[in-house]
Amino acid sequence: MEPNVFRWDDAALLLALVRAGSMAKAAAALGVNTSTVGRRLDALETSLGLRLFDRRTEGVTPSAAAERLLPYAERLEAAAHGLVMEAKGFEQAPEGLVRVSMPPGLADHIIAPRLGALRARFPKLTVELLSSTAYADLERREAELAVRAKRPERGDLVARKIGDLPVGLMASPSLVAQVERLEDLNQVQWLTWNEAMLHIPTGAWVKSVVPEDRICMRSNSVSALVEAARAGLGVMLLNPLFHGVAGLAPLPLHPELQARLPSLPVDTGWLVGHAALREVPRVDAVWRFLLETITELGRPYQGEPFNEPGSEP
């Protein structure tokens, strides 16, 4: 034994001897034989350079040194007990915080309204939605999970494809009823992303085909665009997950107009997590919830089966 090294096993030995008062009873408590207790006590006293017990025929009596070490040994015991209980609770049920990074539209209009179902299943689970178009760094633990448009190409990450959903024109039900079927882009006003967000495919599509004077609103906020569309201000592009969710309705394109236009964008989604955390119960519970929610909403528009599932089984 290295000198002056005190291990948890040493604390357990000290506590057993103090509480049992004899080598034989301490051995029974520790599940070893009496000679093993004697050897371990000899090694501990040699390592510490202290006499811990007076050994007599009738039993053992703690020395002043042992009495001084006793509170520390008890703290070690309490910490070890807490660790075991925490581990057991951790394995038995999902609980604690899970941070999920995803685009604002998905967070605000699709996932947030459905978190009640997850909470009902796992009352001790808390989800923090990081609503942003920027990617959280999962390897630096800025979040446990993320929904992204692209599959990660590097890093110790696992990913599951959650769909390819064709984007469509959406507007308020009253505007859809008025137009019925769009035959000319000039029939309606348009809502779209501002210049800073034109890397988003829907923004690039609108910029490429819609006359500038027909764009009545730009924003960097999908919620602002959705609210403007709900109010009947104009038409925007959204994927079909939003059908019926945000109070909007799809606006069909006339086949002749559709034939003249470039293909509408397709929203691809990937659910991504750190490999080291994937099977942690609280992370697994949220992973499954997100996968079930998004794929179930997208199922009527994507058909059966889903596209390739990606690298995560």
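Is there any pair with a first residue in segment 130-143 that is more than 24 Å from P201 (Cα to Cα) and a second that is in a loop (DSSP other than H, G, I, E, B) whose Cβ atoms are under 7 Å apart and which are 6 or more apart or on different chains, and what are they?
E139/G155; E139/D156; E142/A136; A143/A136
V226 - would you say it is among the hydrophobic types (A, V, I, L, M, F, W, C) and within 30 Å of R278 (Cα to Cα)?
It is false that V226 is among the hydrophobic types (A, V, I, L, M, F, W, C) and within 30 Å of R278 (Cα to Cα).
Pick from segment 220-231 the residues that are touching a residue at least 40 places away in the same chain (Cβ under 8 Å) and assigned to a helix (DSSP H, G or I): which of them is most open to solvent (accessible area, probe 1.4 Å)?
Within segment 220-231, the match that is most open to solvent (accessible area, probe 1.4 Å) is R230.
Consider segment 181-219. How many of its residues are in contact (Cβ under 8 Å) with a residue 12 or more places away in the chain, part of a loop (DSSP other than H, G, I, E, B) and exposed (fewer than 12 other Cβ atoms within 10 Å of the Cβ)?
Going through segment 181-219 one residue at a time, the tally reaches 2.
Since R121 meets every condition but one in (1) touching an Asp or Glu at 6+ places or on another chain (Cβ under 8 Å); (2) over 27 Å from N220 (Cα atoms); (3) charged (D, E, K, R); (4) surrounded by fewer than 19 Cβ atoms within 10 Å (Cβ to Cβ), which condition does it not meet?
(1)
Of everything in segment 26-35, what is within 22 Å of A65 (Cα to Cα) and without any contact (Cβ under 8 Å) to a residue 12 or more places away in the chain? Give them in sequence order.
A27
Conditions (1) closer than 10 Å to G168 by Cα; (2) surrounded by 14 or more Cβ atoms within 10 Å (Cβ to Cβ); (3) out of contact with any Phe, Trp or Tyr (no Cβ under 7 Å at 6 or more places or on another chain); (4) touching a residue at least 40 places away in the same chain (Cβ under 8 Å), marked per residue:
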{"residue": "L233", "(1), (2), (3), (4)": "no, yes, yes, yes"}
{"residue": "L238", "(1), (2), (3), (4)": "yes, yes, yes, yes"}
{"residue": "L241", "(1), (2), (3), (4)": "no, yes, yes, yes"}
{"residue": "G247", "(1), (2), (3), (4)": "no, yes, yes, yes"}
{"residue": "L253", "(1), (2), (3), (4)": "yes, yes, yes, yes"}
{"residue": "R260", "(1), (2), (3), (4)": "no, no, yes, no"}
{"residue": "L264", "(1), (2), (3), (4)": "yes, yes, no, yes"}
{"residue": "W270", "(1), (2), (3), (4)": "no, yes, yes, yes"}
{"residue": "H274", "(1), (2), (3), (4)": "no, yes, yes, yes"}
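Give segment 124-140 a look and list any residue that's open to solvent by 60 Å² or more (accessible area, probe 1.4 Å), modelled with pLDDT of 85 or more and in a loop (DSSP other than H, G, I, E, B), or say none.
K124
Of all residues in segment 54-81, which are open to solvent by 70 Å² or more (accessible area, probe 1.4 Å), of a type outside the set (D, E) and assigned to a helix (DSSP H, G or I)?
A64, R68, Y72, R75, L76, H81
Being surrounded by 13 or more Cβ atoms within 10 Å (Cβ to Cβ), closer than 20 Å to V222 by Cα and not hydroxyl-bearing (S, T, Y) is true for just one of P152, P113, P166, P94. Which residue is that?
P166
How many of the residues in segment 169-180 are charged (D, E, K, R) and open to solvent by less than 20 Å² (accessible area, probe 1.4 Å)?
Residues meeting the conditions: 0.
Name every residue in segment 37-53 that is over 48 Å from the mean Cα position of the chain (by Cα) and open to solvent by less than 50 Å² (accessible area, probe 1.4 Å), in order of residue number.
Answer for segment 37-53, where residues must be over 48 Å from the mean Cα position of the chain (by Cα) and open to solvent by less than 50 Å² (accessible area, probe 1.4 Å): G38, E45, L52, F53.
The values are calculated or read from the model by the stated rules, or taken from the named source; none is laboratory data. From a predicted model like this one, the values you see are computed outputs, not experimental measurements. Virtual Cβ from ideal backbone geometry, glycine too; neighbours counted across all protein chains shown. The area values use the complete protein model at the heavy-atom level, side chains included, leaving out ligands, DNA and RNA. Shrake-Rupley method; radii C 1.70, N 1.55, O 1.52, S 1.80 Å.
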